[in-house]
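See below for the structure under consideration.
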């Protein structure tokens, strides 16, 4: 069954720094390739290319959401089962593998046969639809690899090899960056080349993860057995925060794109694309903190060391809060620099309009990370200790229900700025809900202790 991930007596702070730093570097590697991808596309095709990319993000988000829910949820269940010496630990990987492979193949067929229809549903029209159809068809064909890469990296990280999981993510991102340039510029493949580089990158990640999964050090076993619906459901329950984090971004992007198209047009969608692509880097920091913390808290919970798990949570919250402050200071100071990197519109009037809009939008949007940082870590912690219900409520509230509601309400009241203000408003409301819930739990415990 293997030894405990966090043996008694091991310094918790040192382990926390090791796991979180490796995880953050991995998620940053992924987010940086998104920025490089956006930069190359903006240079190659201008605002139209950024619009195509932003309209395609919901499709990526759907794939990533399924992969995260099943893959990460299964890896958490595996970690808990290993600590409790549960014989079912060998079934989680196999069940998730077959399920994700089946979903991925279905998505590949859909993307190959109906790419234009998918992009049309996301809001693509006219020249954007013509430009974006080959892009969508290409990356959708590789859907199984996008899904399975989450499974591989999640199990490698939870099996005590966070450094290799980080290396897999970073190497995948580097491959994407290098071949983005090669395909788009020297080979003149345009958006198709960008999609092809992105589509191949998860294959690189999976190949590196196999170094651990096929080694003697691995405790992950592949079992040729029919997938278990019960184990799948249990895994998905703990993967809900990861699912909501990815899927909600697709819903939010779709809703906001449609609102922006109605309020202002393609330029506002391009501005939103610049803001959300920069936001991916910020979100990666906090996702890295919570995913790095997760194997530690799952192990401690599985061993019954609840006080130490709570201490790890406090470390995570403090780290996230400090990071949020640093992110906003850097963003505020370098607003025009960051926007200028992606604003390569050839029409001077459109370029000026895009830059002015993205300037105030970026500063307004990033206020949300003062609250989002706490919410991401809190939801991730609850999932890691088996509290899937509470974690799911937080994730659904912040990731879908509240932000969509605020987007419609604030757009009606405030117009264009209201769309960008929806994210900080929803995260603030979620933080208030979490604080209220925790206060009620403490009051209830206090009453029970008196009885």
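Rounded to the nearest 10 degrees, the angle from helix 143-158 to the longest Cα principal axis of the chain is 40 degrees.
Semi-axes of the equivalent ellipsoid for the range 83-167, computed as √(5λ) from the eigenvalues of its C-alpha gyration tensor and ordered from largest down, come to 36, 15, 9 Å. For the range 250-392, the spherically averaged projection of the C-alpha convex hull amounts to 9.4 nm². For residue 437 and residue 332, the difference between the fully extended length at 0.36 nm per residue and the C-alpha to C-alpha distance is 34.5 nm.
Hydrodynamic radius of the range 296-336 by the Kirkwood approach over all distinct alpha-carbon pairs: 11.9 Å.
In percent, rounded to a whole number, the relative contact order of the chain is 23, using alpha-carbon pairs under 8 Å and six or more apart.
When shorter helices are ignored and each DSSP H run of at least 4 residues is given -39500 (n - 2.57), the per-residue value for the chain at 222 nm works out to -29000 deg cm²/dmol.
Cβ crowding within 10 Å, taken as a proxy for footprinting-reagent exposure, orders 159, 86 from fewest neighbours to most as 86, 159.
Using Cα atoms only, what is the angle between the long axis of helix 240-263 and the major principal axis of the chain, expressed in degrees (0 to 90) to the nearest 10? So the helix axis and the longest Cα principal axis differ by about 20 degrees.
If R0 equals 35 Å, the separation of the Cβ atoms of residue 88 and residue 110 corresponds to a calculated FRET efficiency of about 0.60. Note on 22, 359: ascending count of other Cβ atoms within 10 Å places them as 359, 22, the fewest first. For the chain, the alpha carbon positions stretch 66, 51, 36 Å along the principal axes, listed from largest to smallest.
What the Cα convex hull of the range 333-445 gives, in volume per residue, is 131 Å³.
Exposure proxy ranking for 94, 264, 215, based on other Cβ atoms within 10 angstrom of each Cβ and starting from the fewest, stands as 215, 264, 94. The angle separating the long axis of helix 348-365 from the principal Cα axis of greatest extent in the chain is about 30 degrees.
A Stokes-Einstein calculation at 10 °C with viscosity 1.306 mPa s, built on the Kirkwood radius of the range 165-321 over Cα pairs, returns a diffusion coefficient of 81 µm²/s. When both the range 364-410 and the range 25-79 are represented by their alpha-carbon centers, they are found 19 Å apart. So if the hydrodynamic radius of the range 66-207 is defined as the Kirkwood radius over C-alpha pairs, what does Stokes-Einstein give as its diffusion coefficient at 25 °C and 0.890 mPa s, in µm² per second? Answer from the Stokes-Einstein relation: 150 µm²/s. Show log10 I(q)/I(0) for the range 216-276 at q = 0.15, 0.18, 0.25 Å⁻¹, two decimals, from a solvent-free Debye sum over equal Cα scatterers. With no solvent term, the Cα-only Debye profile gives -0.66, -0.75, -1.03.
Every read-out reported here was derived from the displayed coordinates using simple, explicitly stated rules and does not represent laboratory data. The shown structure was predicted, so the numbers you read here are calculated from the model rather than taken from an experiment. Reconstructed Cβ throughout: ideal geometry from the backbone, glycine too, with neighbour counts over all protein chains shown.
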